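Everything below concerns the one structure shown next.
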Amino acid sequence: MDKNREPKRTAVLIACKNGEATVGAVVRSAITQADVFVVSDGSTDRTAAEARRTGASVLSREVSGGKPDALRAAVAHFGITERYEYVVVLDDDTTIDAEYVERITRRMDADPRIAVASGRIESVWNHAQRWNPMVAMRAFMYWSYQCTIKRGQNALRVVNVICGANSVFRAAVFAELVEDDAPYAIDDMYWLAEIVRRQLGRVEYVHDARSWTIDPHKFGDWYRQTVRWSWGQFQSIRGHRLGLPIQPDRTRRLRMRFSWFDVAYLALLADWLPYMLEPLAIVPVMIFASSWINPLWFPAFYFGSSLVWISIGAVAMRKPRLVLLAPAIIALDLVYRVTMMHATVKAIRRPRVAECRWDSPTRFDLVPEAPSQSAP
């Protein structure tokens, strides 16, 4: 190690299992910005060797314990939360742009109330997957959600999602969060709920810090991952009672407090419910209104309004092929509502899990040039 080199304030922490094809590109995208640590959690491929080759410090575990357990082991092994001010948690298929860490930590330096922040995430939509409807759907959803809801929430300081693939935590906050096992299907949903209920700070979204992730390109993987994400979110809503603006607080005179975060979450729930149930309600509504509205207007309006929004996205994302993929995206949007219903049933039947296990979709290789997409 160069003794004259100024020590970095930030550690990048990557927990993965069998990530040989992608972890090297992730390490390369981060190694100039922070000290990078990788924990190979029971991998049977060359994950550890590839991570070391690209500059990371590596902890290899013979037996897999799942992502939260792997992160906790790495924190203890390397003393990460004691040595650094910030901890960046990256997935093993998420690359970051050349100024990602600096943009986010600068924002966090300016506001000590920020407990965790994340930047914009986009799909790796490479040439081989250019006509893949699942990748197109996810890329469009990222753009749509981030440019509307997430930026709006950020302006009101009520961001309600921690991105598990690219988040930057204050080290002291992360040390508290990883002490316990995550009892929900998605660890970052649990961490968000804990930050809110323990009043550890707030979540920030930094739109000009960009990252790219591999999304499922096979329907089965896409469906399972989408269900799992919603399942984890619904578990956190039930387990931490998110969306209730009046919360008990023994430190207050009235033993309760008002939460704007929960007001914003309640507004989202009010939006999700009709969105999820619309496919079930549309036929009865069409029959009820058929005496004064031609039933064909309902699917025509749905398809037309969706096409307009997808076209706007195609222009903003500079992806004209998105318009040609619109019929598939609209069809997947209907399936997405089914996944929410599926996840609701799972959250009712299994409000908690014994441990978070690895459930990664099939990946395609991240080429070394992937981070160069950071150029505007």
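The values are calculated or read from the model by the stated rules, or taken from the named source; none is laboratory data. Everything numeric here is computed off the predicted structure, so don't read it as measured data. FYI the Cβ positions are ideal-geometry reconstructions off the backbone, even for glycines, and counts take in every protein chain you see. Calculation scope for accessible area: heavy atoms of the full protein, side chains included, ligands and nucleic acids excluded. Shrake-Rupley method; radii C 1.70, N 1.55, O 1.52, S 1.80 Å.
Here are a few things to note about the model shown:
- When the range 210-225 is filtered for residues that are touching a strand residue (DSSP E or B) at 6+ places or on another chain (Cβ under 6 Å) and within 22 Å of Ala98 (Cβ to Cβ), the ones remaining, listed by number, are Arg210, Ser211, Trp212, Thr213.
- One residue from Ala98, Ala74 being within 30 Å of Ile312 (Cβ to Cβ) and either among the hydrophobic types (A, V, I, L, M, F, W, C) or open to solvent by 30 Å² or more (accessible area, probe 1.4 Å) (or both): Ala98
- Restricted to the range 1-15, and to residues there that are modelled with pLDDT under 95 and not basic (Lys, Arg), the residue that is surrounded by the most Cβ atoms within 10 Å (Cβ to Cβ) is Pro7.
- Within the range 340-376, considering residues that are small (Gly, Ala, Ser), at pLDDT below 75 and part of a helix (DSSP H, G or I), the one least open to solvent (accessible area, probe 1.4 Å): Ala370
- If you check Gly65, Gly119, Gly55 for being surrounded by 23 or more Cβ atoms within 10 Å (Cβ to Cβ) and either modelled with pLDDT under 95 or not in a helix (DSSP H, G or I) (or both), only one passes: Gly119.
- Scanning the range 227-258 for residues being over 14 Å from Met189 (Cβ atoms) and either open to solvent by less than 100 Å² (accessible area, probe 1.4 Å) or aliphatic (A, V, I, L, M) (or both) gives a total of 8.
- Total residues in the range 306-326, condition among the charged types (D, E, K, R) and assigned to a helix (DSSP H, G or I): 1
- Residue in the range 150-161 that is closer than 28 Å to Leu324 by Cα and surrounded by fewer than 23 Cβ atoms within 10 Å (Cβ to Cβ) present: yes
- Leu71 vs. criteria over 30 Å from Ala136 (Cα atoms), in contact (Cβ under 8 Å) with a residue 60 or more places away in the chain and either touching a Phe, Trp or Tyr at 6+ places or on another chain (Cβ under 8 Å) or among the hydrophobic types (A, V, I, L, M, F, W, C) (or both): yes
- Some residue of the range 43-56 being more than 15 Å from Ala165 (Cα to Cα), of a type outside the set (D, E, K, R) and touching a Lys or Arg at 6+ places or on another chain (Cβ under 6 Å): yes
- Any hit, the range 273-291, residues being touching a Pro at 6+ places or on another chain (Cβ under 7 Å), farther than 25 Å from Leu156 by Cα and not hydrophobic (A, V, I, L, M, F, W, C): no
- For the range 87-97, taking the residues that are part of a loop (DSSP other than H, G, I, E, B) and out of contact with any Pro (no Cβ under 7 Å at 6 or more places or on another chain), the one that is nearest to Val178 (Cα to Cα) is identified as Asp91.
- Looking at Val63, Val26, Val38, Val12, just one residue is within 22 Å of Thr105 (Cβ to Cβ), free of Cβ contacts under 8 Å to residues at least 60 places away in the same chain and touching an Asp or Glu at 6+ places or on another chain (Cβ under 9 Å), and that residue is Val38.
- Enumeration of residues in the range 172-192 that are surrounded by fewer than 22 Cβ atoms within 10 Å (Cβ to Cβ) and at pLDDT 95 or above: Ala172, Val173, Ala175, Glu176
- Residues that are in contact with a Phe, Trp or Tyr (Cβ under 9 Å, 6 or more places away or on another chain) and of a type in the set (D, E, K, R) were ranked within the range 165-180; the one that is nearest to Val206 (Cα to Cα) is Arg170.
- Number of the exception - Val135 against (1) among the hydrophobic types (A, V, I, L, M, F, W, C); (2) over 30 Å from Ser305 (Cα atoms); (3) buried (at least 18 other Cβ atoms within 10 Å of the Cβ): (2)
This table checks each residue for (1) on the phi > 0 side of the Ramachandran plot; (2) without any contact (Cβ under 8 Å) to a residue 12 or more places away in the chain.
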| position | (1), (2) |
| --- | --- |
| Val206 | no, no |
| Trp212 | no, no |
| Asp215 | no, no |
| Tyr223 | no, no |
| Trp231 | no, no |
| Ser236 | no, no |
| His240 | no, no |
| Arg255 | yes, yes |
| Ala267 | no, yes |
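- The residue list Leu334, Leu277, Leu268, Leu322 contains one member that is open to solvent by less than 50 Å² (accessible area, probe 1.4 Å), within 30 Å of the chain's Cα centre (by Cα) and closer than 21 Å to Trp222 by Cα, which is Leu322.
- The condition of being under 26 Å from Asn154 (Cβ atoms), in a helix (DSSP H, G or I), more than 19 Å from the chain's Cα centre (by Cα) and not hydrophobic (A, V, I, L, M, F, W, C) holds for only one of Glu102, Glu82, that being Glu102.
- Reported count of residues in the range 150-184, each being under 14 Å from the mean Cα position of the chain (by Cα) and part of a helix (DSSP H, G or I), is 1.
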